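J.: I have a structure I would like to understand better, so I am pasting it below and will then ask my questions one at a time.
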Amino acid sequence: MRTSERRTTTLNLDPEQVVETLQPLERATMLPPAAFTDPSVLDWELDNVFGGWVCAGHASAIAETGRFVMREIGPDSVVVVGGEDGRPRAFLNVCRHRGARVITEAEGSVRRRLQCPYHAWSYGIDGELKGAPHMDGVEDFDRTCYGLIPVRVAVAGGLVFVDLGGDAPPISVHLGELGGHLSRYRVETLRRAGERRYFVEANWKSIAENYSECLHCPGVHPELNELSHYMSGEEVVGAGAWCGGSMTLREDARTMGTGDGRGSSRPPIEGLEGADLTSVLYFVVFPNTLVSLHPDYVMVHTLWPSTEDRTEVHCEWFFEPRTIARPDFDPDDAIAFWDQVNREDWYVCELTQKGVRTRGLTPGRYSAEEVDVHAFDVMVAERYMEALRERAEVTA
């Protein structure tokens, strides 16, 4: 939605607790439990966090004219469609007649028009109103004023982003130095070979925090820990709204997959060499995207909160087109491996969601190894504090 149309939800958090998250890691405490359990906090986040750049998926999904993806962002819905000029267009997924959803599928294609299933109002791929049955006799009805409401859209690093608020900084600033990593792994040239959708009974931030550390890997992911020791790798830093690091593959493992990482003969992504052939990079692109860069494929999770304790997670696997074209291509080792790891993660995230509701619980402390968890929480807390300071100024 436009910035001027944002809802006026109050952020019900204790600023003194939020400030503690912004302390250096060795002194910081985690986000307050209410950040994960209070429905009003999620309402505020949907406007003020998910109201900026949000990843809608991979650019290949809308690479052809008329191909579209539809994403639900809380009560809002946005559709991104490939334009006739090769550039994507994004619109609020709502008919200008009675407000019905125009597109109901998560992805698909249209030939020339997007048509509302209610009263058949139809719109061009450019969003212009093309058909409005029974409106010819209506006074002062200007069709040019009733096209789909546009949403800011950008493609960068092979990913599609939408900005419902309309005033986020340039996408190049949002991605910052992460763009170089995405380019090195040729993310924009890859194509999807598998997907899974999950519904996790946990807050979206818990999922991002869990992704940002592997201290739980020995107990929760023994197969993953066999391929990459949980203390391997290092932090990766740089400008932009993201955090992440690396994991080092054990000797003889070619990738992360079933069969001890040796169950596939896939070649590495073109141009990778040196340490990239023996490691995996993982990044949280704020707020809703988890990008895992493997030697031979890329995995992308996008997080879509529906309530404070329920999140839809869309996981996709991307490979080089030349690899997909090989007669022996089989992505199942990667998909099966991560499907198991995903489900193990969702289990502990759901345990956390149940526990964080306990009355009397106070924020915990970070271990010295939870650098990326803290980095993600700081990005959240900085946005909280901006609103809390503004509220204090108004009150004063």
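J.: Return yes or no: is S292 in a strand (DSSP E or B), closer than 29 Å to L175 by Cβ and of a type in the set (G, A, S)? Please lay out each step first, then the result.
T.: On the way: in a strand (DSSP E or B): yes; closer than 29 Å to L175 by Cβ: yes; of a type in the set (G, A, S): yes.
Criteria met by S292.
J.: Can we say D328 is surrounded by fewer than 16 Cβ atoms within 10 Å (Cβ to Cβ), in contact (Cβ under 8 Å) with a residue 40 or more places away in the chain and in the same structural domain as E201 (by TED's automatic domain parsing)?
T.: Spelling it out, D328 is indeed surrounded by fewer than 16 Cβ atoms within 10 Å (Cβ to Cβ), in contact (Cβ under 8 Å) with a residue 40 or more places away in the chain and in the same structural domain as E201 (by TED's automatic domain parsing).
J.: Can you name the residue in segment 313-330 that is acidic (D, E) and out of contact with any helix residue (DSSP H, G or I) (no Cβ under 8 Å at 6 or more places or on another chain) and, of all such residues, is farthest from P268 (Cα to Cα)?
T.: If we take residues in segment 313-330 being acidic (D, E) and out of contact with any helix residue (DSSP H, G or I) (no Cβ under 8 Å at 6 or more places or on another chain), then E316 is farthest from P268 (Cα to Cα).
J.: With the structure loaded, tell me whether T9 is touching a strand residue (DSSP E or B) at 6+ places or on another chain (Cβ under 9 Å), surrounded by 15 or more Cβ atoms within 10 Å (Cβ to Cβ), part of a loop (DSSP other than H, G, I, E, B) and not charged (D, E, K, R) or whether it fails that test.
T.: No; evaluated as a whole, the condition is false for this residue.
J.: Here is a further query. Considering only segment 213-236, state which residues are farther than 14 Å from V280 by Cβ, part of a loop (DSSP other than H, G, I, E, B) and modelled with pLDDT of 95 or more.
T.: Hits for segment 213-236 are E213, L215, H216.
J.: Right, here's the next one. Looking at the structure I just gave you, is G57 of a type in the set (G, A, S) and assigned to a loop (DSSP other than H, G, I, E, B)?
T.: When the stated conditions are applied, G57 does not pass them.
J.: Can we say T311 is surrounded by 18 or more Cβ atoms within 10 Å (Cβ to Cβ), touching a residue at least 60 places away in the same chain (Cβ under 8 Å), in contact with a His (Cβ under 7 Å, 6 or more places away or on another chain) and of a type in the set (S, T, N, Q)?
T.: Values: surrounded by 18 or more Cβ atoms within 10 Å (Cβ to Cβ): yes; touching a residue at least 60 places away in the same chain (Cβ under 8 Å): yes; in contact with a His (Cβ under 7 Å, 6 or more places away or on another chain): no; of a type in the set (S, T, N, Q): yes.
Here the answer is no, as T311 does not meet what is asked.
J.: Before we move on, is K205 modelled with pLDDT of 95 or more and either outside any strand (DSSP E or B) or buried (at least 19 other Cβ atoms within 10 Å of the Cβ) (or both)?
T.: yes
J.: Restricting to segment 335-365, and then to whatever is touching a strand residue (DSSP E or B) at 6+ places or on another chain (Cβ under 8 Å) and aromatic (F, W, Y), can you tell me which residue is surrounded by the most Cβ atoms within 10 Å (Cβ to Cβ)?
T.: W338
J.: Wholly within segment 126-172, which strands (runs of 3 or more DSSP E) include no fewer than the required count, namely at least 1 residues that are among the small types (G, A, S) and either over 26 Å from A56 (Cβ atoms) or touching a His at 6+ places or on another chain (Cβ under 7 Å) (or both)?
T.: Fully inside segment 126-172 and qualifying: 129-131.
The values are calculated or read from the model by the stated rules, or taken from the named source; none is laboratory data. Nothing here was measured: the structure is a model prediction, and the numbers come from that model. We place every Cβ from the backbone using ideal geometry, glycine too, and count neighbours over all the protein chains shown.
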